[in-house]
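Novice: A single structure is presented below for examination.
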Amino acid sequence: MELIVSIVLLLAGLAMLIVGGDLLVRGATNLARLLGVSELVIGLTVVAFGTSAPELAVNVLAAWEDRGEISFGNIIGSNIANIGLILGVAAMIRPLKIRGQVIRRELPMMLLATAGILVTAADAVLRRDTSVFDFSDGLIMLLLFGVFMYYTVADFLADHSSDVIKEESESFLATVKPDGSRASLALSVLMTLGGLALLAGGGHVTVDRAAHLALALGVPQVIVGLTLVAVGTSLPELVTSVIAARRGQSDLAVGNVVGSNIFNLLLILGVSALVRPIPVPAGGWHDLFWMAGLSVLLVPMVLMTRNRIMRYEGVILLSAYATYLGWRVILVINAH
């Protein structure tokens with residue numbers, strides 16, 4: 001009975017995170033418009049950060065409550081799911097064409113961020129110490145994130161017409177149209193505060209129930225973080241990418257995934273490491289190498305098919321994700 005309750009409450013927490021993230025973005029977007037903030041600034045801040053709100057809420061709370069395994073599992077598991085599950089499903093719906101800008105900027109930055117994570121986690125090799133993402137590692141990640149945002153803004157200003165963030169922002173902003181009235185302002189404030197409350201409450205419920213579920217199943221907390229929590233907090237990216245693929249907006253599908261991975265590694269893990277050091281759990285290096293392997297796999301896929309991810313490559317990505325999950329389960333069974 002306790003197992004069923006934990007699963008139901010975990011799903012409820014994830015639902016609160018998704019609804020809260022959406023409310024926060026819509027409310028903050030309305031407020032920014034009513035206060036005269038330009039669409040450019042809204043697109044580069046509120047909307048761009050919006051889909052990462054569930055991961056950020058879960059990770060900060062997990063770090064605060066000293067549940068580093070859930071924090072680690074959520075970030076690394078989300079990145080693995082983004083490439084294997086989300087890009088795999090999107091490519092199977094329709095081949096994904098990738099423009100030069102994503103190849104020139106986002107993809108190399110994702111690979112650099114991934115390499116940076118592997119280096120900062122290698123304390124056992126570099127310093128003969130326990131592998132952990134500590135305060136100094138968090139500062140390095142946030143510095144790299146600042147570099148990424150600088151080049152994103154610079155590219156946007158140099159050539160707005162071909163920026164993925166602009167397209168994603170315009171697609172979302174078209175659905176948010178405040179009338180400028182006092183009631184609209186009050187509603188926007190209410191939506192923003194409600195979104196923050198749902199994120200905080202959903203994050204707490206998700207972290208707490210994930211820990212209870214791991215205990216009930218007799219598995220490490222990192223496993224629940226890598227699977228249920230990671231996929232749950234990645235649902236906004238999954239929905240966005242699938243809709244974009246069906247509409248033929250493949251740039252949005254790919255840019256959304258690659259951008260989310262960069263945000264997860266540099267911003268979310270960086271902030272979480274500042275709150276409390278995040279240890280690399282037992283078996284964590286296997287997860288890091290799977291994430292790195294899937295990230296590197298995108299390079300030959302893109303180059304060999306003329307800047308496209310074909311349907312059969314989507315099958316390969318999805319199969320790799322399924323193999324990873326099966327292999328991780330076998331590791332847990334063998335450990336017990």
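Novice: In the list E65, E39, which residue meets the criterion of being out of contact with any Pro (no Cβ under 6 Å at 6 or more places or on another chain) and modelled with pLDDT of 70 or more?
Specialist: After applying the criteria, what remains is E65.
Novice: Here's something else I'd like to know. Mind listing whichever residues of region 234-264 are farther than 22 Å from W327 by Cβ, among the polar types (S, T, N, Q) and part of a helix (DSSP H, G or I)?
Specialist: If the condition is that a residue be farther than 22 Å from W327 by Cβ, among the polar types (S, T, N, Q) and part of a helix (DSSP H, G or I), then T240, S241, S250, N256, S260 are the ones that fit.
Conditions (1) under 9 Å from the mean Cα position of the chain (by Cα); (2) free of Cβ contacts under 8 Å to residues at least 24 places away in the same chain; (3) under 17 Å from F49 (Cβ atoms), marked per residue:
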residue	(1), (2), (3)
E237	yes, no, yes
S241	no, no, no
A244	no, no, no
R247	no, yes, no
V254	no, no, no
I262	yes, no, yes
L265	yes, no, yes
I268	yes, no, yes
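One line per residue, one yes/no per condition, for (1) within 19 Å of S78 (Cα to Cα); (2) crowded, with 24+ Cβ neighbours inside 10 Å; (3) modelled with pLDDT of 85 or more:
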site: V222; (1), (2), (3): yes, yes, yes
site: T227; (1), (2), (3): yes, no, yes
site: V231; (1), (2), (3): yes, no, yes
site: L235; (1), (2), (3): yes, no, no
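Novice: Here is a further query. Any residue in region 138-152 that's closer than 21 Å to A121 by Cα: show its pairings with residues that are outside any helix (DSSP H, G or I) at Cβ separation under 9 Å, as long as the two are six or more apart or on different chains.
Specialist: From residues that are closer than 21 Å to A121 by Cα, the pairs are G138/P277; G138/I278; M141/F133.
Novice: Taking the stated definitions as given, is V254 farther than 13 Å from N59 by Cα, modelled with pLDDT of 85 or more and not aromatic (F, W, Y)?
Specialist: no
Novice: If you don't mind, there's one more thing I want to ask. Can you name the residue in region 302-317 that is surrounded by 19 or more Cβ atoms within 10 Å (Cβ to Cβ) and assigned to a helix (DSSP H, G or I) and is also modelled with the lowest pLDDT among such residues?
Specialist: Out of the qualifying residues, it is V302.
Novice: Okay, next question. Evaluate region 43-54: report whether one residue or more is modelled with pLDDT of 85 or more and within 15 Å of L265 (Cβ to Cβ).
Specialist: Checked region 43-54: no residue is modelled with pLDDT of 85 or more and within 15 Å of L265 (Cβ to Cβ).
Novice: Something else: Out of all the residues in region 182-221, which are touching a helix residue (DSSP H, G or I) at 6+ places or on another chain (Cβ under 6 Å), polar (S, T, N, Q) and within 14 Å of L34 (Cα to Cα)?
Specialist: S188, T192
Novice: Further question: Among the residues in region 70-77, are any of a type in the set (A, V, I, L, M), in contact with an Asp or Glu (Cβ under 6 Å, 6 or more places away or on another chain), modelled with pLDDT of 90 or more and part of a helix (DSSP H, G or I)?
Specialist: yes
Novice: A further question follows. So which of S188, S171 ends up being assigned to a helix (DSSP H, G or I), under 30 Å from I93 (Cα atoms) and modelled with pLDDT under 85?
Specialist: Residue meeting the stated conditions: S171.
The values are calculated or read from the model by the stated rules, or taken from the named source; none is laboratory data. Remember, predicted model here, so these are calculated numbers, not experimental data. Because the Cβ atoms are built from the backbone with ideal geometry, glycine has one as well, and the counts that use them run over all protein chains shown.
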